[in-house]
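S.K.: Quick one: structure below, then a few questions.
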Amino acid sequence: MAVKTRSVLVTGASHPWGAKLMPLLEADPGFDPIIGIDFKKPDKPFKRAEFFQVDLHNPLIAELLQVARVDTVCHLLFLDSYAGNEEYFDQNVMGTMDLLAACAASETKKVIIKSDTKVYGADHLHPNYITEDAEIKGMHQHRYIQDRVELERMVERFIRQNKTPQMTILRFANILGRTIDTPIMRYLDSNIVPTVVGYDPLFQFTHEEDVIAALFHTLKTGATGIFNIAGDGVIPLSQVLRIGGKHPLPVSSTLLKLTSALWRKAGRKGVLSSVPIEAGYLKYNCLGDTRKMKEVLGFYPRYSSKDAVVDFFAHLRIRRYLPYHRAIRSDPLSSEKLQAWIQSRRRASDYLSDLIETFDKEGQYDQ
Amino acid sequence: MTSNPRPGTKPEKVQCKAVTKKGVRCRNAAKSGEAFCAMHLSMQKEERRPAKEPEERFDAKDLAESLAEMQAWMKKRLRGDYEVDEWGFDEEFAELFMPLMKFLYHKYWRVTATGLENVPAEGRALLVANHSGVLPWDGAMIIMAVREDHPQPRQVRALVLSLFFSLPFTGTMLQRIGHVQASPANSERLLNEDELCLVFPEGVKGIGKPFSRRYQLARFGRGGFVRVALKTRSPIIPVSVVGAEEIYPLLVNLRPLASLLGVPYVPITPTFPLLGPLGAVPLPTKWYIHFGEPINIQDMTYRPSEEPLLVTKISNQVRDTIQRQIYERLKTRRSVFFE
């Protein structure tokens, strides 16, 4: 019986998220052919996937989608820009627009987009847990949030105008991990962490492994709709800092806004320049309701919010002692899988030798 | 003082457990099946103090132990080794305020809580109460009533005006001690989790009303609480609080200043702002909290078209019940400060 295969196109295949997802897809025979596109070359060559070095504006993408009969597009190319950068905006928003137009013109059935729960914006008038149908009113001080908000608004318009392809948006809560770089990780990476005086918001976190797992799960099940993805439980910012052994520096929110803007403009480095999180998110909760994730998508994250924080700080502490600073090729700590494999092999050989021994004792081979 | 019944008395005769006003153990025999004698049974609950254990002597060892305990606790907190629940409620932290809350409940306002049998021991329910007293102490005392006097103590989740959550320190504080920001989505989620919710439909209109209009219920919002109760099939329990209206007699509300500051009211009371921060000390009035009979919404059947009518009907019914409970209490109240 022939296995029904699906054709997948992944954008941003050379960037961390794409590079992590591609091997998973390659290992699954249900996805064929697999196409990766990005504007820069990948760090390592792919085993099975085709890679094309094109940017999202390329008009050939529409033809590629047509010819390869691409079923699902997984759109992961998004550049977090901390200062205003027109090029990034051009890639993030205008590039997505071109990609969606190409999808609409071809027979692509589904598009998966990775987004952020920060697009809801932090506001004291929000309910504690924001559902997926809430209005998008993210904050505008930082470009990466602004780009996301613009992107989501554009997708909203696109959904209203086009019936196909079907859209799936995964809105992830603050992502922590070992091998990636996110705004919240930059924020928690200094010894003195600026906070807003008198406020202690609740945070949700997602571990990078869960991000990849969620993307793969969505690709596999073909679910459509908008989903908030976050680890279970919430954790106050003060507790996050205590777990990490960081020192909070309470500043008034106006001062924080002003100084971080000035510092950024001046291109200076220092405590206040490393606030890639807007003051609003340090004042009020911005939490996603994850019931839909569990009930409709059927995805259960492995790491709770607290687990993700503990894992992240464990990695931060050990990072400087690892052989490759920042760019770790093989993590000496994560050999659990290998150990498990070795043990299973050992058990199997033990079992075999036991069997042979018993046979020997019973003397069946002597005859 | 002998606490055992004298030899020769019948075994079923038990001595009354109460202590008289002079501090002597009551000599009367307890009524059969009860712990107190007929006289003390008829008395109010806080008056018939049960006999205390003999006072423990000061012990340096105990002190050292409790200090070590405290140190361990602090260490644990500083390491970030604690949990908050999904609403930001930090039970360990809230526990720190219990001595103050217990003092306010038992000694300062001497709260008499009645009708607690109407509060279910488990499962969802929506407590609806009248709001008064400039600062929301009434919510705290209703929470205490269910914690202290309910046979099966529960944590009440009070829904507080979202304005308080936008204020520095206050917002975080309220969240950590178990309050939740008032919104239909939040109350629906809480009730679906089978929590005990407390709402004040009067909102700011109730808490910031002038002293001259005390014990007259303000408008009950737009009936949002009934809609949530209908949706989640939760019984509504009307709660009336008497005594909280007089803790800060609000003489004048400086409306222009309030709108300038973006707050709902700027109160002028006999002590505030005259005495500065001391003006925030409430007056020691005598409080009565009554939990009325539940309105069993969960058994109601109705067509979707009937819902708006039902919402107004139930909203008015709850309002009238609370107002009636308040008047019933006021009829027998002889003094604001004493029993």
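Rule-based calculations on the coordinates, nothing more; no lab input. These numbers were taken from a predicted model, which means no experiment stands behind them. Neighbour counts are summed over all protein chains in view; Cβ atoms, including those assigned to glycine, are modelled from backbone coordinates with ideal geometry.
S.K.: Which length gain, in nm to one decimal place, applies between B:N296 and B:K107 when the Cα-Cα distance is subtracted from 0.36 nm times their residue separation?
M.R.: 64.6 nm
S.K.: Give me the inter-chain shielding for A:225-238: mean count of other chain Cβ atoms within 10 Å, whole number please.
M.R.: 2
S.K.: By how many degrees, between 0 and 90 and to the nearest 10, does the Cα long axis of helix B:137-148 differ from the longest principal axis of chain B?
M.R.: Between helix and principal axis, roughly 40 degrees.
S.K.: Within 10 Å of each residue's Cβ, count the other Cβ atoms and sort B:L67, A:L24, A:L237 from fewest upward.
M.R.: B:L67, A:L24, A:L237
S.K.: So which of A:K44/A:K257; A:K41/A:K292; A:K246/A:K283 end up more than 30 Å apart by C-alpha?
M.R.: A:K44/A:K257; A:K41/A:K292
S.K.: Moving on. Is the shape of chain B best called rounded, prolate or oblate, per the rule: a/c under 1.5 gives rounded, else a/b larger than b/c gives prolate, else oblate, with a ≥ b ≥ c the square roots of the Cα gyration tensor eigenvalues?
M.R.: Because a/c hits 1.5 or more and a/b exceeds b/c, chain B counts as prolate.
S.K.: Sticking with this one: How large is ³J(HN,Hα), in whole Hz, for each residue of the stretch A:55-62 in order, when computed from phi with the Karplus curve 6.51 cos²θ - 1.76 cosθ + 1.60 and θ = phi - 60°, using x for Gly and Pro?
M.R.: Taking θ as phi minus 60°, the curve returns 9, 5, 7, 4, x, 6, 4, 4 Hz for the stretch A:55-62.
S.K.: Here's something else I'd like to know. Just going by the charge dipole of the protein assembly as shown, with Lys and Arg at +1 and Asp and Glu at -1 on Cβ, which of A:S7, B:I322, B:Q298 is farthest out on the positive end?
M.R.: Most positive-ward Cα: B:I322.
S.K.: Would you mind getting me the FRET efficiency between A:R48 and A:Y351? Use the beta-carbon distance for r and R0 = 45 Å, nearest 0.05.
M.R.: It comes to 0.85.
S.K.: Considering only B:Q298, B:Q181, B:Q71, give the residue with the highest GNM mean-square fluctuation for chain B, with springs between Cα atoms whenever their separation is below 10 Å.
M.R.: Fluctuation is largest for B:Q71.
S.K.: Another question, then. Starting from the Cα of B:L167, step 7 Å along the direction of its Cβ; do the same at B:Q216; then give the gap between the two resulting points in nm.
M.R.: Each label point is offset 7 Å from its Cα along the Cβ direction, giving 2.7 nm.
S.K.: Long-range amide H contacts for A:T195: which residues qualify at under 5 Å (H placed 1.01 Å from N, peptide plane, sequence gap of 5 or more or a different chain)?
M.R.: Correct list: A:L249, A:V251.
S.K.: Something else about it: Using r as the Cβ-Cβ distance of B:K313 and A:A101, and R0 as 56 Å, what FRET efficiency do you calculate, to the nearest 0.05?
M.R.: 0.55
S.K.: From the residues B:T232, B:G243, B:Y215, which one has its Cα farthest along the dipole of the stretch B:211-253 in the positive direction, the dipole being from +1 and -1 charges on Cβ of Lys/Arg and Asp/Glu about the Cα centre?
M.R.: Checked the options; the winner is B:T232.
S.K.: What base-10 log of the normalised intensity I(q)/I(0) is obtained for the stretch A:1-129 from the Debye formula, alpha carbons as equal point scatterers, at q = 0.10, 0.21, 0.22 Å⁻¹?
M.R.: Reported log10 I(q)/I(0), two decimals: -0.36, -1.23, -1.32.
S.K.: Pick out, in residue order, every one of the trypsin sites (Lys or Arg not before Pro) in the stretch A:123-197 that is DSSP loop and has at most 16 other C-beta atoms within 10 Å; say none if there are none.
M.R.: Here the sparse-neighbourhood loop sites are A:K137, A:K163.
S.K.: Using only the Cα atoms of the protein assembly as shown, each taken as one equal point scatterer with no solvent, compute I(q) by the Debye sum, divide by I(0), and report log10 of the ratio at q = 0.05 Å⁻¹.
M.R.: Log10 I(q)/I(0), no solvent term: -0.36.
S.K.: Next question, about the same structure. Arrange the following residues from fewest to most other Cβ atoms within 10 Å of their Cβ: A:D200, A:D28.
M.R.: Starting with the residue having the fewest Cβ neighbours, the order is A:D28, A:D200.
S.K.: Taking +1 at the Cβ of each Lys and Arg and -1 at the Cβ of each Asp and Glu, which of B:F36, A:L322, B:T312 sits farthest along the dipole of the protein assembly as shown towards its positive end, judged by Cα position relative to the Cα centre?
M.R.: B:F36
S.K.: Can you tell which of B:S240, B:S187, B:S212 shows the greatest fluctuation in a Gaussian network model of chain B with Cα springs below 10 Å?
M.R.: With Cα springs under 10 Å in chain B, the top fluctuation among B:S240, B:S187, B:S212 is at B:S212.
S.K.: Where nothing but the Cβ of Lys and Arg (+1) and of Asp and Glu (-1) is charged, how large is the charge dipole of chain B around its Cα centre, in debye to the nearest 20?
M.R.: Once rounded to the nearest 20, the dipole reads 1360 debye.
S.K.: Taking only the alpha carbons of the stretch A:61-111, what extent do you get along each of the three principal axes, in Å, biggest first?
M.R.: Cα spread of the stretch A:61-111 along its principal axes, largest to smallest: 38, 14, 13 Å.
S.K.: I've got another one for you. For the stretch B:69-179, what does the alpha-carbon gyration tensor say about shape, rounded, prolate or oblate, given a ≥ b ≥ c as the root eigenvalues, a/c under 1.5 as rounded, and a/b over b/c as prolate?
M.R.: Prolate shape, in that a/c is at least 1.5 and a/b is the bigger ratio.
S.K.: Can you work out the base-10 log of I(q)/I(0) for chain A at q = 0.06, 0.08 1/Å, using the Debye formula on its C-alpha atoms alone?
M.R.: Cα-only, vacuum Debye calculation for chain A: -0.27, -0.46.
S.K.: Can I ask one more? Could you please tell me the mean projected area of the C-alpha convex hull for the stretch A:68-171, averaged over all directions and given in square nanometres to one decimal?
M.R.: Mean shadow area of the hull around the Cα atoms is 6.9 nm².
S.K.: Hey, got the dipole for the protein assembly as shown? About the Cα centre, +1 on K and R Cβ, -1 on D and E Cβ, debye to the nearest 20?
M.R.: 2560 debye
S.K.: What number, in percent, do you get for the relative contact order of the stretch A:47-148 if the mean sequence gap of Cα pairs under 8 Å and at least 6 apart is divided by its residue count?
M.R.: 34 percent
S.K.: So how strong a dipole does chain A carry about its Cα centre when Lys and Arg Cβ are +1 and Asp and Glu Cβ are -1, to the nearest 20 debye?
M.R.: My answer is approximately 940 debye.
S.K.: Same structure, new question: Would you kindly state how much longer the chain becomes between B:F97 and B:E328 on full extension, computed as 0.36 nm times their sequence separation minus their alpha carbon distance, in nm to one decimal?
M.R.: Fully extending the segment from B:F97 to B:E328 adds 79.9 nm.
S.K.: Among B:V84, B:V204, B:V156, which one shows the highest mean-square fluctuation when chain B is modelled as a Gaussian network with alpha-carbon springs under 10 Å?
M.R.: Top of the fluctuation ranking is B:V84.
S.K.: Right, next: Quick one: if you stick a label point 7 Å off each Cα along the C-beta vector at A:E87 and B:K76, how many nm between them?
M.R.: 5.3 nm
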